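The structure under discussion appears below in the form of structure tokens.
The numbers here are math on the coordinates, done by the rules we state, and not lab data. Predicted model, so just to flag it, every value in this text is computed and none were measured. Cβ: placed from backbone, ideal geometry, glycine included. Neighbour counts: every protein chain shown.
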Amino acid sequence: MAQELITHWPEANRDNFGKTPVTWQHRVHESPLFSDEKLIELIENHPRDLADFCTMGDGANDMSSWRGGDPGSHSGEELLKAVRSGRLWINLRKTFNIYDEYAAILKTIVGELKALTPAFNPVSMTGGLLISSPTAGVPYHIDRSDVLLWHIRGHKRVWVYPIDEETLPEHEVEEILLHEHNDDVPYSEKLDDKAIIYDLEPGQAATWPLHAPHRVLNQGDMNVSITMEHSPFNTIMQNGAQITNGILRRRLGLNPRIEDQGFASRFVRFAASRVLRKLPLVKAKTAHEAGYLFDVDPGSSTAVRELGGVKAIA
Ligand SMILES: [Fe+2]
């Protein structure tokens, strides 16, 4: 079958998709929808409640340095300039769901992936546009849903780690799933020995197994990528099962292991999680994004002006 946007799909991806890290080639980056002009238009007009403006420490190796900021009333042009010269990471969430011309790309991709691999069977799918500075990165973390990263402009290095007791103890996964605002995963440089490294160029895409820890560092030029999150039923069920496991571990001192739990056990635990989540058994940590911690300042070297406190999100 001729593929419109996916130009090379290695044979092994069909079986490995979702099970091991995989990459493929596409030509989404050839679209005029990712020109400077289009980015400026998007940044300026995207609903502010769907736009994240973040910064991070130098080297992006510490999730505690990750913080959200206020883009203020700067124009799209000024904000894109701030991304070019500073250390910013912008996520225009749902770009590929709310604008017809971008949604058309998502629709085509979903159709192509469904034809290429039976493992791709999303219940829902969202697509965000990431625009980030030459020195920006995303520290070591896991995502709650399956993610496809489509690289469009610039160069970035992605480290993907296996899931084991050293890279990510199971109780840490539960901790993240139980507390919506907790993304802290303990990282040390020695874990890098276990990582697969991808140097992504425009036209490449990658995905990895659910909950595989990963980190990203841009390689000296402004980056544009698409992050597509899809939640197949398996993922929804596994997350639910791990939430139940987390509660059992914390309240009853049990030591459940997700790997040992087959479909029936996961399903029961998933169903239980829908009930347990509503009970005040586990206290959520304070919301991290309770407010802005910096103002975007296109005139400063990192485009970040620290606030020295928290500013409420209007
Ligand atoms: Fe991620």
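Based only on other Cβ atoms within 10 Å, what is the fewest-to-most ordering of V147, V123?
Neighbour counts put them in this order, fewest first: V123, V147.
Using a/c under 1.5 as the rounded threshold, could you call the range 72-226 rounded, prolate or oblate? The axes a ≥ b ≥ c are square roots of the C-alpha gyration tensor eigenvalues, and prolate needs a/b larger than b/c, oblate otherwise.
oblate
Per DSSP helix of 4 or more residues, -39500 (n - 2.57); summed, then divided by the residues of the chain. What does that give at 222 nm, rounded to the nearest 500?
-8500 deg cm²/dmol
Can you tell me how much longer the chain between T20 and R250 gets when fully stretched, taken as 0.36 nm per residue apart minus their C-alpha distance, in nm with one decimal?
Between T20 and R250, full extension yields 79.8 nm more.
Under the rule a/c < 1.5 gives rounded, and otherwise a/b versus b/c splits prolate from oblate, where does the range 1-154 land using the Cα gyration tensor?
Since a/c reaches 1.5 and a/b is larger than b/c, the shape of the range 1-154 is classed as prolate.
Using a cut-off of 12 Å between beta-carbons, work out the net charge of the residues near E37 (Lys and Arg +1, Asp and Glu -1, E37 not included).
Spelling it out: positives minus negatives among the neighbours equals -3.
May I ask you to sort D199, D295, D146 by Cβ crowding, counting other Cβ atoms within 10 Å and putting the fewest first?
Lowest count first: D199, D295, D146.
Got a sec? Charge dipole of the chain, +1 on Cβ for Lys and Arg, -1 for Asp and Glu; which of Q219, N13, Q238 is way out at the positive end?
Positive-end residue among those listed: Q238.
So, with +1 on the Cβ of K and R and -1 on the Cβ of D and E, and no other charges, what is the size of the charge dipole of the chain about its Cα centre, to the nearest 20 debye?
The calculation lands at about 1060 debye.
Ranked from highest to lowest mean number of other Cβ atoms within 10 Å per residue, what is the order of the peptides 86-93, 161-168?
86-93, 161-168
Ranked by Cβ crowding within 10 angstrom, fewest neighbours first, how are K156, K38, K107 ordered?
If I rank by nearby Cβ atoms, fewest first, I get K107, K38, K156.
Is the chain rounded, prolate or oblate when judged by the Cα gyration tensor, a ≥ b ≥ c being the square roots of its eigenvalues, rounded requiring a/c under 1.5 and prolate requiring a/b larger than b/c?
In terms of gyration-tensor shape, oblate.
Evaluate the distance, in nm, between pseudo-label points positioned 7 Å from the Cα of S65 and of F263 along their respective Cα→Cβ axes.
It works out to 4.6 nm between the two label points.
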